[in-house]
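To start, the structure itself, in structure tokens.
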Amino acid sequence: MGYQINKTKMNTLFTDLLENYTIYAPKRFVGGGTFADTDCIRYGEISTLEEIEFSEKSDYSFKEVLLPISETLFYFTEAVMKESDPPLKEAIVFLRSCDLHSLNRLDTIYLKNGPVDPYYKRLRDHTHFILMGCENTFENCFCVSMGTNQSTNYDAYIKVTAEEVLIDSHWNLLDQALANAQPFTVVPDSVSINNISVEIPESIPQSVFDSTLWDDYTARCIACGRCTFVCPTCTCFTMQDLFYSDNGKAGERRRVWASCQVDGYTDVAGGHAFRENKGQRMRFKVMHKISDYKKRFDNQMCTGCGRCDDICPEYISFSNCINKVNALVKEENR
Amino acid sequence: MLDLNTKKIKKNAYRITKVRGETASRIRIPGGLLTADLLPKIQEIAETYGNGRIHLTTRQGFEIPGIRYEDMDAVNTLLQPIIDQLEINQVIPGKGYTASGTRNVSACIGSNTCPFANYNTTDFAKKMEKEIFPNDLHFKVAFTGCANDCIKTRMHDFGIIGMTEPQYDKDRCVNCQACVKACKQKSVDALSVENYKIVRDAAKCVGCGECVINCPTRAWTRSTKKYYRLVIMGRTGKRNPRLAEDYLVWTDEAAIIKIVKNTYKFVKEYIDTTAPGGKEHIGYIIDRVGFKEFEKWALDGVEFDEKTIVKGPVYWSGPHYD
Ligand code: HEM
Ligand code: HEM
Ligand code: SF4
Ligand code: SF4
Ligand code: SF4
Ligand code: SF4
Ligand code: SF4
């Protein structure tokens, strides 16, 4: 159902929802950027419409809501173990179309790739998704190429105009709350063209793995991992077991984001690291995103949000790399 | 027949040069930042009244040599739009600079452009300029964005070095240790790892912000409040050149402005009136009357932030040739 309500009513609705839900949305953290007097747009809890950053793309994705950066899974002492408590409230997440498609990649990895991950599931099952429209493309987006520019599987779509809030609800709870609101036909804004487009080869021959294409990145990449930490579809984590220092017999196990770009990722017992070379790390990441994942599941892992390109301090472009790989494959197939 | 009051000329920011009959006009750029449209105006002065050359001064000014003393009024007229646009305090409009004792407040490029800078050096420099100009006393003040000190604040009477107090959100930390490496390799090795999270040795940390710059997840961010290290009484010269020493660490804008203004009062009280040209350097005055007396004047009415560390009494080194 589509509705039109005014902003005050929307904020009242938020206040009601906050009783049972935590609402997460992209927010401007003033002064929270990398450099002095720069902001960061990332996910945080909100209680009013005004706190949501609609006009810019968030630097970091929504994934930290479902996959906390550092999450305590359980506590242990001697023979006893206790799992961490799930949040008391359910969650509502505001996100754009590419990110809603990314949710599918997270679900695939954590729910369908072998055993179900209970820590992911307990958050995922209690989260509702509200789509934010895109009137225009942002600088590095290539969602159109990835087929992620439109979404229909949202719980609600919300658009804020100068005066009004337009809602398209697929969610009973909202329909009930908006029973008295003015019905309205609402179609989500979506882009049909980006500044960037990529073409991904159907299959990538083994020869590409040994190509000198990757050497360029060996010297350029500083292995900071930003490209994967901002990525809505990167799902790697590592484990940390630790004992509280003033006891030593009690501790916890944490799950923490990891990145194939960062030192330590391929370290094995004995101290050997299997992938030191940064060009090879780039290859591994790119192949995971546009080839390996697809070999096992039915779509590409990358959803074309462009955040990796937005954030790389060394101006390494993932989308440009895809196109380089494509050119190379075409060359080989000739 | 030239009949000149050299003291007035110098005060008006013209130099008595080695060439008889020729002066040089000094145009100060507070904070070192100007808009490009001023350059043709400077060019016009150099080409109309100077010898067509311009010297770039160390303190971020332009010095236009080869100007005839007779042309100073005409040059002052051409200087007016520059003075206006740079918002320089002036007593009589149209008559050029009101004083030249206190030198141009200079600044590194700062947070307008530089990734390391912890604050907008130009803005603070301009704010200081508004507070202390025009003034005949010989003061040198400089602003630098971080401890790299590109403007060389350590060679100034007052050097202001930007600091940030890094804020750690452990829930955003992935233990990549980029911050630890940056602090160790580029700064003072103030970070260590404990149970996969980062511990900052606050006593060691110099507030450079390298950890913030290098953190890929925004686990480290800057403090909302801007902090500064105030270093004092660096100087070059014949008798005892020396680097400025730390006086305040983790201080703030209000305290710095107040201390600099108070120091003018201190100098007025104690300056050696028989010194040649009435010029005695503040550092030598402090050497003469003692640090404690200087501090008494400097801190009059100053309120410190709770984080501020006062490093007095200050002792300086440097070679003594006298
Ligand atoms: C019967 C033989 C083997 C079995 C059953 C086995 C099993 C495993 C398992 C269960 C993992 C952990 C995977 C994960 O973290 O999800 C692993 C990782 C790994 N194994 Fe093997 N492995 C075998 C032989 C080998 C051999 C012969 C090598 C190398 C010469 C090898 C190299 C590695 C490497 C590099 C990793 C990744 C380590 C890491 O990600 O930290 N494995 N293997
Ligand atoms: C004295 C004998 C051994 C010791 C002390 C030992 C120790 C370890 C340790 C400490 C790890 C954890 C590595 C990490 O994730 O940091 C590990 C992982 C592993 N070990 Fe062993 N191990 C031994 C023998 C074996 C044998 C005989 C096999 C298989 C035939 C084996 C297979 C593995 C595998 C597959 C992993 C997972 C690799 C990874 O995920 O990094 N280990 N071992
Ligand atoms: S690889 Fe880059 S463009 Fe693709 S989903 Fe991740 S961050 Fe977005
Ligand atoms: S690109 Fe790297 S960090 Fe991202 S999911 Fe793949 S392996 Fe993990
Ligand atoms: S590609 Fe860029 S963002 Fe990614 S690890 Fe390398 S330098 Fe960092
Ligand atoms: S601010 Fe500088 S000195 Fe302090 S912890 Fe960070 S990197 Fe180290
Ligand atoms: S750089 Fe950031 S994420 Fe990495 S260890 Fe330091 S605080 Fe943690």
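Summary of computed values
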| item | result |
| --- | --- |
| Flag if B:Tyr264 is open to solvent by less than 40 Å² (accessible area, probe 1.4 Å) and among the aromatic types (Phe, Trp, Tyr) | yes |
| Boolean, A:Glu314 is free of Cβ contacts under 8 Å to residues at least 24 places away in the same chain, away from ligand 7 (no atom under 16 Å from the Cβ) and closer than 27 Å to A:Thr34 by Cα | no |
| Search result, residues across the range B:171-198 that are in a helix (DSSP H, G or I) and closer than 17 Å to A:Thr72 by Cα | B:Asp171, B:Arg172 |
| Members of the range B:145-191 found to be away from ligand 6 (no atom under 13 Å from the Cβ) and of a type in the set (Asp, Glu), listed by number | B:Asp149, B:Asp157, B:Asp169, B:Asp171 |
| Scope the range A:260-277; condition within 20 Å of A:Ser211 (Cβ to Cβ) and within 14 Å of another protein chain (Cβ to nearest Cβ); matching residues | A:Cys260, A:Gln261 |
| Qualifying residue in the range B:188-199 (condition: crowded, with 24+ Cβ neighbours inside 10 Å, closer than 30 Å to B:Asp84 by Cβ, of a type in the set (A, V, I, L, M) and more than 14 Å from chain A (Cβ to nearest Cβ)) | no |
| 1 or more residues at pLDDT below 95: qualifying helices (runs of 4 or more DSSP H) within the range B:4-103 | B:6-11 |
| Qualifying positions in the range A:228-255 - within 15 Å of ligand 1 (Cβ to nearest atom) and among the aliphatic types (A, V, I, L, M) | A:Met239 |
| From the options A:Gln150, A:Gln176, residue that is surrounded by fewer than 20 Cβ atoms within 10 Å (Cβ to Cβ) and more than 19 Å from the chain's Cα centre (by Cα) | A:Gln176 |
| Residues of the range A:179-203 satisfying the condition of being at pLDDT below 95 and crowded, with 19+ Cβ neighbours inside 10 Å | A:Ala181 |
| Extreme residue, farthest from B:Lys10 (Cα to Cα), among residues of the range B:270-288 that are surrounded by 16 or more Cβ atoms within 10 Å (Cβ to Cβ) and not small (Gly, Ala, Ser) | B:Ile286 |
| Residue satisfying all of: in the range A:260-284; open to solvent by less than 80 Å² (accessible area, probe 1.4 Å) and among the hydrophobic types (A, V, I, L, M, F, W, C); nearest to ligand 7 (Cβ to nearest atom) among these | A:Val262 |
| Any hit, the range A:245-259, residues being within 13 Å of chain B (Cβ to nearest Cβ), in a loop (DSSP other than H, G, I, E, B), surrounded by fewer than 19 Cβ atoms within 10 Å (Cβ to Cβ) and at pLDDT 95 or above | no |
| Leading residue by the ranking (farthest from ligand 1 (Cβ to nearest atom)) among those in the range B:203-215 that are open to solvent by less than 60 Å² (accessible area, probe 1.4 Å) and touching an Asp or Glu at 6+ places or on another chain (Cβ under 9 Å) | B:Gly207 |
| Residue ranges of strands (runs of 3 or more DSSP E) in the range A:11-116 with at least 3 members more than 14 Å from every other protein chain (Cβ to nearest Cβ) and without any contact (Cβ under 8 Å) to a residue 24 or more places away in the chain | A:80-83 |
| Which numbered condition A:Leu106 misses (of (1) within 19 Å of A:Thr228 (Cβ to Cβ); (2) out of contact with any Cys (no Cβ under 6 Å at 6 or more places or on another chain); (3) open to solvent by 10 Å² or more (accessible area, probe 1.4 Å)) | (3) |
| Residue count for the range B:112-127, restricted to those that are surrounded by fewer than 24 Cβ atoms within 10 Å (Cβ to Cβ), under 13 Å from B:Gly31 (Cα atoms) and at the interface with chain A (Cβ under 8 Å from one of its Cβ atoms) | 1 |
| Residue count, the range B:148-170 (criterion: more than 14 Å from every other protein chain (Cβ to nearest Cβ), open to solvent by less than 60 Å² (accessible area, probe 1.4 Å) and either farther than 20 Å from B:Leu33 by Cα or not in a loop (DSSP other than H, G, I, E, B) (or both)) | 5 |
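Residues checked against (1) in contact (Cβ under 8 Å) with a residue 40 or more places away in the chain; (2) within 16 Å of ligand 2 (Cβ to nearest atom); (3) within 27 Å of the chain's Cα centre (by Cα):
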{"position": "B:Cys173", "(1), (2), (3)": "yes, no, no"}
{"position": "B:Lys184", "(1), (2), (3)": "no, no, no"}
{"position": "B:Val193", "(1), (2), (3)": "no, no, no"}
{"position": "B:Arg200", "(1), (2), (3)": "no, no, no"}
{"position": "B:Val231", "(1), (2), (3)": "yes, no, yes"}
{"position": "B:Gly234", "(1), (2), (3)": "yes, no, yes"}
{"position": "B:Gly237", "(1), (2), (3)": "yes, no, yes"}
{"position": "B:Lys261", "(1), (2), (3)": "yes, no, yes"}
{"position": "B:Tyr264", "(1), (2), (3)": "yes, no, yes"}
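Residue-by-condition table, conditions (1) without any contact (Cβ under 8 Å) to a residue 24 or more places away in the chain; (2) touching an Asp or Glu at 6+ places or on another chain (Cβ under 7 Å):
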position: B:Tyr14; (1), (2): no, no
position: B:Lys18; (1), (2): yes, no
position: B:Gly21; (1), (2): no, no
position: B:Leu34; (1), (2): no, no
position: B:Gln43; (1), (2): yes, no
position: B:Thr48; (1), (2): no, no
position: B:Thr57; (1), (2): no, yes
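The values are calculated or read from the model by the stated rules, or taken from the named source; none is laboratory data. For clarity, every value in this text was computed on a predicted model and none was experimentally measured. Glycine gets a Cβ as well: all are built from the backbone with ideal geometry, and neighbour counts include every protein chain shown. Just the protein is used for accessible areas: all its heavy atoms, side chains included, with ligands, DNA and RNA removed. Shrake-Rupley method; radii C 1.70, N 1.55, O 1.52, S 1.80 Å.
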